[in-house]
Amino acid sequence: MIKILSISDQVDPLVYSDNLKERYGDVDFVLSCGDLSYMYLEYIITILNCPLYFVHGNHDPVKELNMGEPRSYPFGAQNLHRKIIRKHGLLMAGVEGSIRYNWKTPYQYTQGMMWSHVLRLVPGLIYNKLIHGRYLDIFITHAPSVGVHEGSDWTHQGIKAFRWLVNTFQPEYHFHGHIHYYHPDEVKESQVGKTKVINTYRSWVTEFIPED
Ligand SMILES: [Zn+2]
């Protein structure tokens, strides 16, 4: 059984608390889908003492200035952008950022640039299928895919290439952020073929048994 804490976009007071270790001490690893301060992520890594894998969100700064050294990523965390890794018996990959709407942060891309990020993953996914018998278990992104949890404005539109990856390679999970939700009855979890799509806004806990 693997237990995952996934987070994005807003600090969750249940996570950023003195009880973090008691509440989430049994998670195997943490996934961050972006738009969270590096200091918050480092707090989680330090207290839970477990791996944290992340992608950047569109609001992430090039350099975050806080106590100590300025940093461009959370220390101790592994960036999954355009990477495929095999950890905890799971095949994981990620793509950072949102659709481009201004030039203020680097983590914004056109639909065409998102296609190039996704296509870059394809040889590794095919390798996974040949070696491990499946393409991918977990896909993490900041933005949602087109038609699933996407917003109605330009900035929160879904990414076409992400939907293609999900349709084609059917990972077990697609975790994303970027879409804030304000009512408990809004949809945070959807099924797309074999893939569970989770808007991990604030936080979400997933428990499952991997195939490996
Ligand atoms: Zn965002």
Checking Asp12, Asp60, Asp137 against a Gaussian network model of the chain (alpha-carbon springs below 10 Å), the top fluctuating residue turns out to be Asp12
Distance in nm between Lys194 and Arg86 label points, each 7 Å along Cα→Cβ, equals 1.7
1/(1 + (r/R0)^6) with r = Cβ-Cβ of Met113 and Gln170, R0 = 25 Å, i.e. FRET efficiency to nearest 0.05, evaluates to 0.55
Measuring from its Cα centre, region 1-110 shows a charge dipole (+1 at each Lys and Arg Cβ, -1 at each Asp and Glu Cβ) which, in debye to the nearest 20, is 460
Taking a ≥ b ≥ c as the square roots of the eigenvalues of the Cα gyration tensor, with a/c under 1.5 meaning rounded and otherwise prolate when a/b exceeds b/c and oblate if not, region 43-142 is oblate
Taking a ≥ b ≥ c as the square roots of the eigenvalues of the Cα gyration tensor, with a/c under 1.5 meaning rounded and otherwise prolate when a/b exceeds b/c and oblate if not, the chain is rounded
Projected onto the charge dipole of region 2-208 (unit charges on the beta-carbon of Lys, Arg, Asp and Glu, signs +1, +1, -1, -1), the Cα from Val11, Thr46, His81 with the largest positive-side position is that of His81
Measuring from its Cα centre, the chain shows a charge dipole (+1 at each Lys and Arg Cβ, -1 at each Asp and Glu Cβ) which, in debye to the nearest 20, is 820
In region 96-144, the chymotrypsin sites (Phe, Trp or Tyr not before Pro) that sit in a DSSP loop and have at most 16 other Cβ atoms within 10 Å of their own Cβ are Tyr101, Trp103
Pseudo-spin-label distance Val187 to Ser37, built 7 Å along Cα→Cβ, given in nm, is 3.4
Over region 104-188, the quotient of the Cα radius of gyration and 2.2 N^0.38 Å is 1.18
Percent antiparallel among DSSP beta bridges confined to region 2-208, rounded to 5, stands at 40
If each K or R counts +1 and each D or E counts -1, the residues other than Ala143 whose Cβ falls under 15 Å of its Cβ total -2
With x for Gly and Pro, the residue-by-residue ³J(HN,Hα) of region 114-125, computed from phi through the Karplus equation 6.51 cos²θ - 1.76 cosθ + 1.60 at θ = phi - 60° and given in whole Hz, is 5, 4, 5, 4, 5, 5, 4, 7, 4, x, x, 5
Between the modelled labels at Glu64 and Lys21 (7 Å from Cα along Cα→Cβ) the distance in nm is 2.2
Output for region 121-192: GluC sites (Glu not before Pro) sitting in coil per DSSP, at most 15 other Cβ within 10 Å, listed by number, reads Glu186
A chain fully extended from Asn79 to Asn49 at 0.36 nm per residue, minus the present Cα-Cα distance, gains in nm 9.1 nm
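Here, each number is a calculation from the coordinates, and none is a lab measurement. What you see is a predicted model, and the numbers here were worked out from it, not measured in a lab. A quick note on method: Cβ atoms are made from the backbone with ideal geometry, for glycine too, and the neighbour counts reach across all protein chains shown.
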